[in-house]
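For reference, the structure is listed below as structure tokens.
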Amino acid sequence: MATIKKINDLQSTEYELKKIFADAEDFLPLLGTDYVEFYVGNAKQSAHFYKTAFGFQSFAYAGLETGLKDRVSYVLKQGKIRLVLTSPLEKNGEINAHINTHGDGVKVMALWVDDATKSFEETIKRGAKPFMEPTKEVDENGYVIRSGIHTYGDVVHIFVERKNYTGPFLPGYKKWESHYNPAPVGLKYIDHIVGNVGWKEMNTWCNFYADVMGFTQIISFTDDDISTEYTALMSKVMSNGNGRIKFPINEPAKGNKKSQIEEYLDFYGSPGVQHIAVATDDIITTVAAMRDRGIAFLYVPDTYYDDLIERVGEIDEDVAVLKQHGILIDRDEEGYLLQLFTKPVVDRPTLFFEVIQRKGAQSFGVGNFKSLFEAIEREQANRGTL
Ligand code: FE2
């Protein structure tokens, strides 16, 4: 017994030391996701959609009325999630070029940091390509420092240091008051944001997150894990030190027919953000509300639920209700999760959302991949792109 105790003590000491070492080594401490910015063709109408269908609340605004000449941005909020929808007000420029190439899509995954200057310097030192030098933005509410680096495709990470700021969003934005305020649907925070990259580029970008941003790989799926009769993909999940930021990276794999990742790349024109997973504490209520408000979700056949309890064990929810909403369930060693995927929310078959409720499980629903991808293939077949 004494020996076992000693080993346990040693192991816990080793664990503590590793933890201290890891904390000391985290050269890019991230406090959370700050905002996600989309470049869209018509920000006013997109804002209406995200308010109506997703229950986001009017939060902040910048445009002609606040002194901007070239662009307009609507900021929406729900729980801790902030979306920024930006459209150009002129015919040329990078926003137009982005929309021309990609359609509506994610430009910025902004990360909340304590020190945006250090975040920039540390990542540049490790090989990041600069997008925005550390810049101090000031108004009557204080100041924010932002800096930015490029990641896959045309996507960038902006580091946001806001500890000296008390305004609604960022300097230059005013509070957005609206008479139209549909109720929230229960979305709390961003769980993960997934990127699709090109053939054989997954490891390149995982190495980028490891070497340049200090992330570690927490999960890996090969095409054996993620393939159906027709199509395949590979995926690795990268996480920052405190686990608050998780970026899965997908690449297409060879199958008999066209991989959904390849379809994305064809339509998006480059690597980019494939889906944003948003967390809820009550997926049934959230999904029912979103469906009522016009969101279309991927359909899984009723047979998915036939042997559900045998596959995932006892769950708190009524299977009949989950089936009615088409909600998927998966279990890992730590618990289970419930998830559901929207159809693309833009015209091109590119960006979609995932709604996820975690009940202990920290994984990503690998047990659902096959059913899910078959559902996506049915959509691809409808589009004539399988
Ligand atoms: Fe996901």
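The values are calculated or read from the model by the stated rules, or taken from the named source; none is laboratory data. In this text, all values refer to a predicted model and were calculated from it rather than measured experimentally. Note that we place each Cβ from the backbone using ideal geometry, even for glycine, and neighbour counts take in every protein chain shown. Remember, those area values only see protein heavy atoms, side chains included, never the ligands or the DNA or RNA. Shrake-Rupley method; radii C 1.70, N 1.55, O 1.52, S 1.80 Å.
Some observations on this one:
- Ignoring lysines fewer than eight residues from residue 91 along the same chain, the ones with Cα atoms less than 17 angstrom from its Cα are 69.
- For the stretch 209-330, dividing the convex hull volume of the Cα atoms by the residue count gives 164 Å³ per residue.
- Its relative contact order, with pairs defined as Cα atoms under 8 Å and 6+ residues apart, puts the stretch 252-357 at 36 percent.
- Whole-number percent relative contact order across the chain, with pairs defined as alpha carbons under 8 Å at least 6 apart: 15 percent
- Look at the alpha carbon pairs under 8 Å that are at least 6 residues apart: their mean separation over the length of the stretch 32-175 gives a relative contact order of 25 percent.
- P(r) tail, the stretch 296-363: Cα-Cα pairs separated by more than 16 Å, 50% of all pairs.
- Exposed loop sites here are GluC sites (Glu not before Pro) assigned a DSSP state other than H, G, I, E or B and surrounded by at most 14 other beta carbons within 10 Å; excluding them, the longest clear run of the chain is 1-89.
- For the stretch 336-386, the percent of C-alpha pairs falling in each 5 Å distance bin, counted from 0 to the bin holding the largest distance, reads 5, 17, 25, 23, 15, 9, 4, 1.
- Three principal axis extents describe the C-alpha atoms of the chain; from largest down they are 63, 58, 39 Å.
- Per residue, the chain reaches -8500 deg cm²/dmol at 222 nm when only DSSP H runs of four or more residues are counted, each adding -39500 (n - 2.57).
- Under 13 Å from residue 246, Cα to Cα: aspartates and glutamates that are on another chain or at least 8 residues apart: 191
- Take residue 211: with every protein chain present and a 1.4 Å probe, its accessible area is about 100 Å².
- Each residue was assigned an accessible area with a 1.4 Å probe, and for residue 386 the value is about 60 Å².
- Surface/4 estimate of mean projected area, convex hull on alpha-carbon atoms of the stretch 32-175, nm²: 8.6 nm²
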